[in-house]
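The values are calculated or read from the model by the stated rules, or taken from the named source; none is laboratory data. If you're wondering where the values come from, they're calculated on a predicted model, not measured in any experiment. Here the Cβ is made from the backbone with ideal geometry for all residues, glycine too, and neighbour counts use every protein chain on show.
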Amino acid sequence: MANAADRLGLAGAGPGIRVARDERLMRQAWQAAGVPIPRFRRVDSAADLHGAPAALTPPLLLKPSWGAGSVAQLVLTSQDQVADAWAEIEQALELGGQVGTNKLYEQNTDADRLVEEIMGGTTEGWYSEPGYGDYLSVEASLPRASTTRWRSRPSCRPFRRTSELHHRTTRPMLFHRRRRR
């Protein structure tokens, strides 16, 4: 929608939306701003992925750079899992595409991937009842926005959620206005 609004000269999210949706650009921006984040690596092919376990400290999370809802993510704990990981994510994205649930926000981004170290921690104190998930997913960073803690049930192996859409507005959004020439 941001691209369509820009082409039509309409109010829209503006060019910053790429940083908010491409998780590789998002992490680069956080890193440049001095925000402590897990080490990560861009991977654009299965060959790129083969060097990741040596460059980073497993366990690693392999995920599409464009998307949301933990779609097509895999945890890699050793080098021997790398050979099948790329194909497994491709299959999950293909299945999602067949039913129209992939959340790609930009054309030609199907091969854009990110692999990152998983930060250790505990979920102790997160929930008053047992049985919820042991991960936290940050999909975007919005200044001055309210936050909500989502409860997530544990995932089954292999984790292949094809889509999960959450739209929530807490107040009217401010949009970037394109200057007319």
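Being of a type outside the set (Lys, Arg), more than 27 Å from GLY121 (Cα to Cα), touching a helix residue (DSSP H, G or I) at 6+ places or on another chain (Cβ under 8 Å) and at pLDDT 85 or above holds for only one residue in ALA46, ALA52, ALA29, ALA13, and it is ALA46. Select from the stretch 37-84 the residues that are part of a loop (DSSP other than H, G, I, E, B) and among the β-branched types (Val, Ile, Thr) and list them in ascending order. Correct list: ILE37, THR57, VAL71, THR77. The number of residues in the stretch 5-46 being aromatic (Phe, Trp, Tyr) and out of contact with any Leu (no Cβ under 8 Å at 6 or more places or on another chain) comes to 1.
The test for being under 30 Å from GLY121 (Cα atoms), buried (at least 18 other Cβ atoms within 10 Å of the Cβ) and free of Cβ contacts under 8 Å to residues at least 60 places away in the same chain does not hold for PRO59. In the stretch 38-56, the residue that is surrounded by the most Cβ atoms within 10 Å (Cβ to Cβ) out of those that are under 14 Å from ASP80 (Cα atoms) and not hydrophobic (A, V, I, L, M, F, W, C) is PRO53. Checking each residue in the stretch 7-23 for being surrounded by fewer than 19 Cβ atoms within 10 Å (Cβ to Cβ) and part of a helix (DSSP H, G or I) picks out ARG7, LEU8, ARG18, VAL19, ALA20.
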